[in-house]
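Let me begin by presenting the structure, written as structure tokens, before commenting on it.
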Amino acid sequence: SSGINAEYGEKLDEYKKDLDLLANCFLTKESEEGFALYNEFCRKVPRSLDLISAMTKDPQTLQFIQDCRQQLNHFFPLSEFLHRPIQRILKYPLLLRDLQKITSGTKYAAGIEAALDKITGVAIHINKVKRVQELESHEILGWTGEPLLEYGVLKLEQAFKVNGTDGRYLFLFEKLLLFTKQKEGKYQYKAHLLPSDIGMTEGDKNEVKFEIEKFKAQKRTKFVVQAPSLDIKATWVYEIKRSVLENQDNITPQMREVLLKGIPSMDKTNQFNDILHNSKYTSFIYLQGFEQH
């Protein structure tokens, strides 16, 4: 990450008189690969911090680190070098927003806007990863499963009434739906569902309630979820559907889009009908609403 920052610093300085070239710094294949490293870097920061903490408990190791810092004239603690690359990349959107204001209406505007869109997406993803790390480190209590980042980034979080009870807070990750109870500014784990376990009934489009059901259990567990508004319900229903479909290996991208839109584009006797009714795809039976078209 430090190498990427140094390279970008050199290029930005070199191209500061040519804004087309500067914008292109953020749009090349090499930059995309470099930004991808940040995603992996962010995921590994907590583990690295734990390792540093464990290592510095050993007096000899601690002394060695202190000697190295003194020789290199580095006054920051070792952990600071894990945070700085992230802090630095989050400054690029600020730089490009300033350039966007300056170049508005000029020939450079399109390039700067494209660069801003690209780096904003990177920054949003990094912030999502940081949010998951915060949840896992001190906000979600009682979770004993795999590290939450193993289930992807956080897509949605929202307070709901569940089974008639207020104070329930749901977290939707790419590969996990987590039910918690709000408790003194933190979240107590209550239940979770993997995408392959989820069945869902949308209910009336004019009602804020929808049902989520756990399939792969000896006794089916049903959660009646009441959203604060119809818009929030629609967003959650759509994203839960997406999570289920994106984690099904047997669904083609074309079929995934058809199911998400809820508009069958093929004869029901073909693949669409198989998905809805074949026992191998039980998680789709309760994505109700598709059969009605």
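The values are calculated or read from the model by the stated rules, or taken from the named source; none is laboratory data. Computed from a prediction, not measured in an experiment: that's the story for all the values here. We work out accessible area using only protein heavy atoms, side chains counted, and drop any ligands, DNA or RNA first. Shrake-Rupley method; radii C 1.70, N 1.55, O 1.52, S 1.80 Å.
Check cross-link reach from Lys161 to the aspartates and glutamates: straight Cα distance under 14 Å, and skip same-chain residues fewer than eight apart.
Correct list for Lys161: Glu207, Glu211.
Which far-off residues, 5 or more places away or on another chain, put their amide H under 5 Å from the one on His192, with H placed in the peptide plane?
Here Phe179 satisfy the definition.
In whole Hz, what ³J(HN,Hα) sequence does the range 139-156 give by Karplus (6.51, -1.76, 1.60; θ = phi - 60°), x for Gly and Pro?
Along the range 139-156, the couplings run 10, 9, 9, x, 7, 10, x, 4, x, 4, 5, 5, 9, x, 6, 6, 8, 8 Hz.
Stretched out fully, how many nm does the piece from Leu95 to Leu49 gain, at 0.36 nm a residue minus the Cα gap? Present the calculation step by step, with values, prior to reporting the outcome.
Values: separation 46, 0.36 × 46 = 16.56 nm, distance 2.91 nm.
13.6 nm is the gain from fully extending Leu95 to Leu49.
Between the alpha-carbon centers of the range 21-92 and the range 96-150, tell me the distance in whole angstrom.
Between the Cα centres of the range 21-92 and the range 96-150 lies a distance of 18 Å.
For the range 29-100, with every protein chain kept in place, what is the accessible area per residue (1.4 Å probe, Å²)? Let's see the in-between values first.
Values: 5140 Å² over 72 residues.
Result: 71 Å² per residue.
Considering amide H positions built from the backbone, and no H for Pro or chain starts, which residues 5 or more places from Leu27, or on another chain, come under 5 Å of its amide H?
none
Apply the Karplus curve 6.51 cos²θ - 1.76 cosθ + 1.60, θ = phi - 60°, to the phi angles in the range 219-234 and return the couplings in whole Hz, x for Gly and Pro.
Whole-Hz 3J(HN,Hα) from phi for the range 219-234: 10, 5, 9, 10, 10, 8, 9, 10, 7, x, 7, 5, 5, 5, 4, 4.
Would you mind checking which residues have amide H under 5 Å from Leu154's amide H? H placed 1.01 Å from N; only 5 or more apart, or other chain.
Val132
Using the Cα atoms as the points, what is the convex hull volume per residue of the range 142-224 in Å³? Mind dumping the intermediate values first?
On the way: hull volume 9.3 nm³, N = 83.
So the per-residue Cα hull volume is 113 Å³.
Could you tell me whether the range 58-186 comes out rounded, prolate or oblate from its Cα gyration tensor? Rule is a ≥ b ≥ c as square roots of the eigenvalues, rounded for a/c under 1.5, then prolate if a/b exceeds b/c, otherwise oblate. Display every interim value, and only then the final one.
Numbers: a/c = 3.07, a/b = 1.11, b/c = 2.77.
Since a/c reaches 1.5 but b/c is at least a/b, the shape of the range 58-186 is classed as oblate.
Checking the table Lys44/Lys241; Lys175/Lys214; Lys190/Lys222; Lys130/Lys241; Lys190/Lys214 against a 20 Å threshold on Cα-Cα, which pairs fail?
Pairs exceeding the cut-off: Lys44/Lys241; Lys130/Lys241.
Which percent of Cα-Cα pairs in the range 188-239 sits in each 5 Å bin, short to long?
So the P(r) values, bin by bin, are 4, 19, 29, 22, 17, 7, 1.
Which entries of Lys155/Lys186; Lys118/Lys205; Lys118/Lys155; Lys57/Lys91 show an alpha-carbon separation above 24 angstrom in the structure shown?
Values: Lys155/Lys186 19 Å; Lys118/Lys205 36 Å; Lys118/Lys155 19 Å; Lys57/Lys91 34 Å.
Beyond 24 Å between Cα atoms: Lys118/Lys205; Lys57/Lys91.
Determine the shape class of the range 123-184: with a ≥ b ≥ c the square roots of the Cα gyration tensor eigenvalues, call it rounded for a/c under 1.5, and otherwise prolate if a/b is greater than b/c, oblate otherwise.
Working: a/c = 1.85, a/b = 1.62, b/c = 1.14.
Judged from the Cα gyration tensor, the range 123-184 comes out prolate (a/c at least 1.5, a/b above b/c).
With a ≥ b ≥ c taken as the square roots of the eigenvalues of the C-alpha gyration tensor of the range 34-77, please select rounded if a/c is under 1.5 and otherwise prolate if a/b is larger than b/c or oblate if it is not? If you can, show how the numbers build up before the last one.
Values: a/c = 4.08, a/b = 1.65, b/c = 2.47.
Since a/c reaches 1.5 but b/c is at least a/b, the shape of the range 34-77 is classed as oblate.
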